Amino acid sequence: MATLQIEKLTKTFPPHSKDGRPVRAIQDISFAMSGQVFVSLVGPSGCGKSTLLNIVSGVDSPSTGTVTVTQDGKKARLGYVFQDSRLLPWRTVMQNMLYVSDLPEEEGRANASKYLEMVGLGHAHDMYPGQLSGGMQQRVGIARAFSVSPDLLLMDEPFSHLDAITARSLREELQVMWNATKKTVLFVTHDVMEAVQLSNRIITLAHGGTVFDDTTIELPFPRKASDPEFAAQQAEILGRFETMELERTAAKG
Amino acid sequence: MSAATMSRQPGFANSSIGRALRSSWGARVTSYFAFVVAWQIVGASFFRVPTPWETLDFIWREVSGGDHGGVRPGQFWEHFSATVPRFAIGISVAFVIGVVVGLLIGSFSFVRALLSDVLLVFLALPAIIWAFLTVMWFGLGWEAPVYTVILSAAPFVAVNVAQGVRAVSPELRRMSDAFGVPRNRRIRSMLLPAITGYLFTGLRFAVIIGWNAVLLAEWFGAVDGVGWRARLWYDAARYKGFVGWAIIFIVFIFLLDGLVLSPLQRRAFRWRASPSSDLKAEVGAVDTESFTNTAIGL
Amino acid sequence: MGWAAFFGIWAFVSAVILDEFTLPGPLKVWNEILEIVRGGSWADDFLISISKTFMGFMIALIVGVPVGYMMGRAGYWKAFFHDGVVGAGSIPGIVYAIIALVIFGIGFQGPILAVGLISMPFIALNVAEGLEGVDRDLLSMSTAFGRSDRQALRHILIPSIMPFAFAGVRLSFAIAWKVEALTEVFGSSNGVGFQIRFAFQGFSIAGVLAWTLMFIALLLLIERGLAIVERWLFRWRTWEQAA
């Protein structure tokens with residue numbers, strides 16, 4: 001299992017207009033995670049969650065500070081599930097899976113089939129993304145991320161564009177898949193219930209991109225929203241959010 | 001020395017000249033310069049191709065009535081003034097016919113069913129065919145150029161006007177019905193604004209296509225005019241005259257298009273928030289789906 | 001109904017308004033076409049014209065795709081090629097024929113050059129537009145999964161551009177086919193344009209019409225054919241739009 005180490009990470013974007021000020025997305029964040037954990041990064045929109053994932057995945061680079069992802073001292077393999085499925089529309093489902101594969105052709109196919117089967121799309125190999133519903137496309141996205149056997153799996157609000165019912169069933173499938181594989185996962189969401197349902201640890205970011213809170217959740221899996229302990233845990237975290245908002249308003253006033 | 005090699009010298013890249021060269025104006029100027037250089041190279045390697053300087057010299061002599069080193073003096077204005085009325089009359093008639101036919105096709109589905117394939121064939125007919133037919137019908141003279149312009153340009157006006165009429169959405173029509181908007185206000189506020197842009201697009205096509213048509217018809221079937229003059233130089237194997245006239249043809253249409261038609265077209269379409277692409281909006285011609293779809297779908 | 005109307009109007013104008021000599025009716029032109037077909041060499045002429053058009057398109061693609069790529073990628077090149085690409089649409093076809101004739105004289109290269117010159121801007125413009133519309137999110141997906149630039153080029157950039165390049169070919173086909181014939185009219189010893197010129201010089205109105213009709217029929221056939229090929233090649237797009 002992989003280790004992710006973030007130290008004193010800051011990210012500033014160039015100003016929107018000529019005389020505007022540079023936009024600070026992340027300010028001096030440090031945390032570490034390793035092993036079989038499912039960590040959720042929760043926070044209001046615009047607090048730099050997605051920027052953080054982009055830096056971890058190498059799509060973006062930090063302004064200052066360091067991000068290291070290692071697997072037994074070597075560079076770790078990453079998998080990524082995006083908000084939208086980000087499938088190549090001109091390639092079939094199978095070709096999309098093979099695009100990210102480094103295995104030899106035959107092996108890659110067998111591997112891809114295995115994960116497509118896992119998300120219930122064993123029949124859809126030769127279909128184009130445009131022929132699938134949004135939920136099915138996102139299933140392919142999840143299968144794609146798992147299929148590269150990532151040491152660290154990054155997920156950026158993967159269910160936020162889906163309708164509530166589809167999102168719920170995908171969340172349950174994700175729990176099953178995680179329990180079977182025990183990958184190291186960094187999961188970004190703005191939905192506290194989703195975070196409580198899926199993760200062992202929840203890191204809350206505040207406006208302005210600083211770590212506000214870091215909590216461990218020790219409820220047994222599978223978790224049900226109807227469980228009173230679940231509700232209590234969710235209420236506690238939401239309570240902290242409210243405190244955060246109150247402090248922010250007070251600081252402004 | 002090119003912009004690239006110069007900018008490697010320290011300090012130069014940030015100097016005002018270096019910045020000017022890399023600006024979009026710099027790029028444009030560089031492109032014209034590159035075009036002239038390329039022409040010079042082609043002119044030096046193909047014996048029939050005159051160099052830019054020879055061509056410019058020819059154009060000057062032709063326009064100023066100067067000496068071409070033989071019996072013939074430069075004769076720009078008399079041929080130009082023969083062609084322009086033919087072109088103008090042809091375009092005006094083509095525009096009127098095109099608008100009437102376009103309105104009919106756009107308004108009545110019966111007329112559309114009847115004429116869409118006729119129009120398709122007219123659109124597909126190259127101008128040269130009209131030039132040949134009109135020359136065979138009327139012989140050498142002013143008729144062939146004028147009729148060639150009318151026959152080649154009118155279908156393109158008709159197609160655009162018909163598209164404009166059909167672009168008025170049924171929802172807007174129904175809205176007008178629901179509010180009981182009177183007929184004349186409907187035409188003034190709904191139909192006219194909707195088709196103005198298409199009218200100008202049609203006019204622009206007509207001018208571009210008609211210009212080509214008048215040149216072709218004069219080439220094969222006139223005894224004066226700019227097309228005939230260009231042919232004279234071709235038959236005399238004086239290629240710089242031939243190329244010089246080709247340049248004049250291009251300059252004329254660029255001036256007409258760039259200074260008059262494009263601004264009009266853009267003004268008429270200004271209510272459109274965003275055209276599919278800024279480049280395509282300038283060309284206009286490319287924005288029509290496919291050739292047959294345009295004609296059949298109307 | 002449309003085509004019946006076309007031939008009906010033609011027959012009417014020929015028989016009633018004008019006369020059979022000025023405008024030969026459909027029947028007479030049909031007999032002329034049969035005559036041409038029986039002559040046998042028509043297939044060669046069309047084949048020659050089509051292959052010249054095809055070669056012209058190859059040149060246009062080879063030059064136009066890189067030019068469009070540069071225009072879509074860098075503001076400098078967009079400004080550099082802007083005037084040429086935008087202006088090319090309004091240059092009269094006769095000018096292309098003249099350029100081809102001056103450079104190559106009477107020969108098979110002229111029409112190829114003319115087709116290349118007239119269709120290149122369409123292709124470049126379309127490729128530039130396609131490139132401006134490339135989904136940046138797919139590129140960052142590619143980076144996140146550690147794909148190389150070459151893989152991204154092959155699987156993301158090129159597939160994004162191809163539909164646009166193809167549309168450029170299809171959109172410019174009618175114009176290119178006309179300019180090809182025009183250039184043959186001006187200077188060639190074979191091809192459809194040459195045959196039309198030949199009929200004109202023999203003062204055969206029926207001959208000109210017969211060749212023209214065959215020319216138009218082929219234009220429409222190829223246009224439809226291209227549309228079908230396009231729909232098949234880029235079938236993922238129809239689902240994309242439906243979804």
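Close contacts from region B:133-154, counting a first residue that is within 13 Å of chain C (Cβ to nearest Cβ) and a second that is among the basic types (Lys, Arg), with Cβ to Cβ under 6 Å and a gap of 6+ residues or different chains, come to B:Pro145/B:Arg86. Against the numbered list (1) at the interface with another protein chain (Cβ under 8 Å from one of its Cβ atoms); (2) charged (D, E, K, R); (3) in contact (Cβ under 8 Å) with a residue 24 or more places away in the chain, C:Glu180 comes up short only at (1).
Only residues that are assigned to a loop (DSSP other than H, G, I, E, B), within 26 Å of A:Gln197 (Cα to Cα) and not hydrophobic (A, V, I, L, M, F, W, C) were counted in region A:4-51, giving 7.
Pairing residues of region A:227-242 that are without any contact (Cβ under 8 Å) to a residue 40 or more places away in the chain with residues that are assigned to a helix (DSSP H, G or I) and of a type outside the set (Asp, Glu), at Cβ distances under 8 Å and at least 6 apart in sequence or on separate chains, gives A:Phe230/A:Val196; A:Phe230/A:Gln197; A:Gln233/A:Val196.
For region C:185-197, the criterion of being crowded, with 19+ Cβ neighbours inside 10 Å, touching a Gly at 6+ places or on another chain (Cβ under 9 Å) and without any contact (Cβ under 8 Å) to a residue 40 or more places away in the chain is satisfied by at least one residue. Assess whether C:Ile158 counts as being surrounded by 23 or more Cβ atoms within 10 Å (Cβ to Cβ), free of Cβ contacts under 8 Å to residues at least 60 places away in the same chain and not polar (S, T, N, Q). Spelling it out, it is not the case that C:Ile158 is surrounded by 23 or more Cβ atoms within 10 Å (Cβ to Cβ), free of Cβ contacts under 8 Å to residues at least 60 places away in the same chain and not polar (S, T, N, Q).
Considering only residues in region C:183-208 that are among the β-branched types (Val, Ile, Thr) and closer than 17 Å to C:Ile48 by Cβ, the one that is nearest to the other protein chains (Cβ to nearest Cβ) turns out to be C:Val185. Candidates are the residues of region A:67-82 that are of a type outside the set (A, V, I, L, M, F, W, C) and facing another protein chain (nearest Cβ under 9 Å); the one that is nearest to C:Pro163 (Cα to Cα) is A:Tyr80.
Restricted to region B:28-124, the set of helices (runs of 4 or more DSSP H) holding at least 2 residues that are within 11 Å of chain C (Cβ to nearest Cβ) comprises B:109-124. Among the residues of region B:151-181, the ones that are of a type in the set (Val, Ile, Thr) and buried (at least 24 other Cβ atoms within 10 Å of the Cβ) come to 3 in all.
The helices (runs of 4 or more DSSP H) located wholly in region C:1-91 that include 2 or more residues which are more than 17 Å from C:Leu213 (Cα to Cα) and within 18 Å of the chain's Cα centre (by Cα) occupy C:42-73, C:75-88. Would it be correct to say that A:Glu105 is among the acidic types (Asp, Glu), farther than 25 Å from A:Gly48 by Cα and touching a Gly at 6+ places or on another chain (Cβ under 8 Å)? Against the criterion (among the acidic types (Asp, Glu), farther than 25 Å from A:Gly48 by Cα and touching a Gly at 6+ places or on another chain (Cβ under 8 Å)), A:Glu105 does not qualify. Among the residues making up region A:168-178, a single one is among the aliphatic types (A, V, I, L, M) and more than 19 Å from A:Tyr80 (Cβ to Cβ): A:Val176. As a summary of the residue check, B:Ala237 satisfies the conditions (1) modelled with pLDDT under 85; (2) part of a helix (DSSP H, G or I); (3) of a type in the set (A, V, I, L, M) except for the one numbered (2). Looking across region A:132-161, the residues that are away from chain C (no Cβ under 14 Å) and not basic (Lys, Arg) come down to A:Phe159, A:Ser160.
Every residue in region B:233-258 that is aliphatic (A, V, I, L, M), free of Cβ contacts under 8 Å to residues at least 60 places away in the same chain and closer than 17 Å to B:Val84 by Cα, please. Give the steps one after another, and end with the answer.
The initial filter retains those residues of region B:233-258 that are aliphatic (A, V, I, L, M), namely B:236-237, B:243, B:246-248, B:250-251, B:253, B:255-256.
Pick out the ones that are also free of Cβ contacts under 8 Å to residues at least 60 places away in the same chain and you get B:236-237, B:246, B:250-251, B:253, B:255-256.
B:Ala246, B:Ile250, B:Val251, B:Ile253, B:Leu255, B:Leu256 - these are the residues of region B:233-258 that are aliphatic (A, V, I, L, M), free of Cβ contacts under 8 Å to residues at least 60 places away in the same chain and closer than 17 Å to B:Val84 by Cα.
Looking at B:Ala131, B:Ala222, B:Ala154, just one residue is within 20 Å of the chain's Cα centre (by Cα), among the small types (Gly, Ala, Ser) and more than 29 Å from B:Phe110 (Cβ to Cβ), and that residue is B:Ala131.
In the set B:Gly106, B:Gly65, B:Gly141, B:Gly102, only one residue is at positive phi and either in the same structural domain as B:Ala206 (by TED's automatic domain parsing) or surrounded by 18 or more Cβ atoms within 10 Å (Cβ to Cβ) (or both); that residue is B:Gly141.
Comparison of A:Asp213, A:Asp151 shows that the only residue that is within 26 Å of A:Ile6 (Cβ to Cβ), buried (at least 16 other Cβ atoms within 10 Å of the Cβ), touching a helix residue (DSSP H, G or I) at 6+ places or on another chain (Cβ under 8 Å) and not hydrophobic (A, V, I, L, M, F, W, C) is A:Asp213.
Scanning region C:36-56 for residues that are of a type in the set (Ser, Thr, Tyr) and more than 24 Å from C:Ser119 (Cα to Cα) yields a count of 1. None of B:Ser81, B:Ser23, B:Ser15, B:Ser2 is over 25 Å from the mean Cα position of the chain (by Cα), surrounded by fewer than 15 Cβ atoms within 10 Å (Cβ to Cβ) and modelled with pLDDT of 75 or more except B:Ser23.
Of the residues in region A:84-103, not one is within 13 Å of chain C (Cβ to nearest Cβ), crowded, with 21+ Cβ neighbours inside 10 Å and in a strand (DSSP E or B).
Just one of the numbered conditions (1) modelled with pLDDT of 85 or more; (2) surrounded by 24 or more Cβ atoms within 10 Å (Cβ to Cβ) is not true of B:Tyr198: (1). Checking the condition in contact with a His (Cβ under 6 Å, 6 or more places away or on another chain), under 30 Å from B:Trp53 (Cα atoms) and surrounded by 22 or more Cβ atoms within 10 Å (Cβ to Cβ), which residue from B:Val226, B:Val214 passes? After ruling out the rest, the residue left standing is B:Val226.
The set of residues in region A:197-216 that are closer than 30 Å to A:Lys252 by Cα and without any contact (Cβ under 8 Å) to a residue 60 or more places away in the chain comprises A:Asp213, A:Thr215.
Please go through region A:76-110 and give me each residue that is among the hydroxyl-bearing types (Ser, Thr, Tyr) and touching a Lys or Arg at 6+ places or on another chain (Cβ under 9 Å), ordered by number. Correct list: A:Tyr80, A:Ser85, A:Tyr99, A:Ser101.
Checking each residue in region C:19-33 for being away from chain B (no Cβ under 14 Å) and surrounded by 15 or more Cβ atoms within 10 Å (Cβ to Cβ) picks out C:Gly25, C:Lys28, C:Trp30, C:Glu32, C:Ile33. The sole residue among A:Val69, A:Val39, A:Val59 that is buried (at least 16 other Cβ atoms within 10 Å of the Cβ), in contact with a strand residue (DSSP E or B) (Cβ under 9 Å, 6 or more places away or on another chain) and without any contact (Cβ under 8 Å) to a residue 12 or more places away in the chain is A:Val59.
The values are calculated or read from the model by the stated rules, or taken from the named source; none is laboratory data. From a predicted model like this one, the values you see are computed outputs, not experimental measurements. All Cβ positions, even for glycine, are placed from backbone atoms using ideal geometry, and neighbour counts span all protein chains on display.
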